[in-house]
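The block underneath contains the structure these notes are about, expressed in structure tokens.
The values are calculated or read from the model by the stated rules, or taken from the named source; none is laboratory data. Keep in mind that this is a model prediction, so the values were computed, not measured. Cβ coordinates were reconstructed from backbone atoms using ideal geometry, including for glycine residues, and neighbour counts include every protein chain displayed. Surface areas here come from the heavy atoms of the whole protein model, side chains and all, with no ligands, DNA or RNA. Shrake-Rupley method; radii C 1.70, N 1.55, O 1.52, S 1.80 Å.
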Amino acid sequence: MIPLSESDPRAEEMALEVSPVSPQLDRWIRQRGRDLRPPQVDRQHAVKLVNNLIKDLQKFLKDNQEQPFFRDVSTLTTGSYYELVKIDKPNEFDIMLKLKTPSRLTWKALEKYNGVFYTVSLSRPTRNEIRHFLLDDERTISSTKIMKEMHHLVKKFIKIHEVPAAEGRWEVHTKRVNSPAVTLGFVNKDDETEILSVDIVPALEVPQRWPLAARGGPVVDNWLGRHCRRRFVGKPVYFVPKRPKLRNLSDVEKESWRISFSHVEKEMIRYHGNRRTCCEGRGNKCCRKLCLRLLKCLFEGLKQTYLKELKPLCSYHGKTAFFHNLSERFDDSLWTPGQLSDCFMRLLLDFEHAAQQGSLPHFFVPDYNLFSPSVFPKRSLMLLTNALKEQRESGLPLLKVQSPPALCYNPALPPQPQEITAEPVTVTLQNDTVTHQKSSFTCITVTVAGIMVLLVIGFALLYV
């Protein structure tokens, strides 16, 4: 459970209070949950394009004579698609390019960022190819130089990368200052719309002990077990070239790296059960990942409704709250498919309380608050809190599946042969449409009857 303010004696009671879910809301949640997983056909097509791109990019970097430092890169798939929690469409992919570094590095946490941003340096001088990406002190690795070269190489690669002529083309997005990724968009040949994007993130792979700020976590002893936590902490740590989202950064901050746990996060989500057999067979299913998908879906609806005000909100906030929730409610029996609505509402309520208290600790670096005013403005956080409360109290309208428009038969427009389907079609008519059709039918019937009566009278008079 996400910690609440100790100043409120009812905090613990509030965090555990979940109102009963009405049958109607339960039906909406389940229906929306069923519709969130991307269709299999779309997934296969998108993955084929992305795999082809990454395979050719690796070959290009390996053969590239211009910058030898990037020759030995390997890939690590991360993000929601590979965590199996992508919603609606498989249109966003995250690929980490692992850059090999000398065996010993040193890092220093930037003071005001509580163990999330670091300067990364060589422990001794080197003649390794990484020397081209050092600052003037010949020790500190420059994040801006790495990103600049990565962007240059990807642009050069895209010019020679071939895709099937009927598919479309890849384009390199304009570089964003605070982004650690080179973003590629795939443009459909027919209508020139972008149908999917790939974030390529260079990352320093450091096979050393985690920094002190993260060494105690993640807190998964009751959930995944102590052995699993020790195995996580024994994995390499990654640093991605991402600077803080603040104005007037110092030269040191501009060259900083952000610590990344994407590899561990993917493993925790994919192998999420208290018992290792969870979701490995038909009889061991749970609703954990579906709850996260629903929360991400709600976030998308909120961001579309409050485009500018909720710009700081991202899926990582939901993922962090999700991890806290799993570590507290760790037993598999609490996450059966039949408890989907209750589990989701509890997760939503926990996140709402975290926003209300302005406290969402990073799951791996607990001293870093994802809701601190420096990264999530108070005004945006207040709006988020109110919006979440309004959604919860009004029955989550942003999660409702929109009903199709009413269909009415038009004699002037008979159905065309290609529109006929062998599958049963359910047509729902609105009440006012039905009433109108009944009224029209009644008027026609009365008119025809009147005409017939007049004709009969006319013939009778004629023969008399």
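Numbers at a glance
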quantity: Residue match in region 307-318 (condition: touching an Asp or Glu at 6+ places or on another chain (Cβ under 9 Å), over 21 Å from Leu396 (Cβ atoms), open to solvent by 30 Å² or more (accessible area, probe 1.4 Å) and among the charged types (D, E, K, R)); calculated: no
quantity: Top-ranked residue of region 113-144 - restricted to ones that are open to solvent by less than 80 Å² (accessible area, probe 1.4 Å) and either of a type in the set (Lys, Arg) or part of a helix (DSSP H, G or I) (or both), ranked as modelled with the lowest pLDDT; calculated: Glu129
quantity: Close pairs from region 277-305: first over 21 Å from His324 (Cα atoms), partner of a type in the set (Asp, Glu) and open to solvent by less than 10 Å² (accessible area, probe 1.4 Å), Cβ under 6 Å, at least 6 apart; calculated: none
quantity: Qualifying strands (runs of 3 or more DSSP E) (wholly inside region 9-111; at least 2 residues being surrounded by 16 or more Cβ atoms within 10 Å (Cβ to Cβ), at pLDDT 90 or above and in contact with a Pro (Cβ under 7 Å, 6 or more places away or on another chain)); calculated: 92-100, 105-109
quantity: Condition met for Asp221 (under 21 Å from Lys319 (Cα atoms) and either buried (at least 21 other Cβ atoms within 10 Å of the Cβ) or within 27 Å of the chain's Cα centre (by Cα) (or both)); calculated: yes
quantity: Criterion (under 24 Å from Trp107 (Cβ atoms), out of contact with any strand residue (DSSP E or B) (no Cβ under 8 Å at 6 or more places or on another chain) and of a type outside the set (Val, Ile, Thr)) met by exactly one of Phe232, Phe299; calculated: Phe232
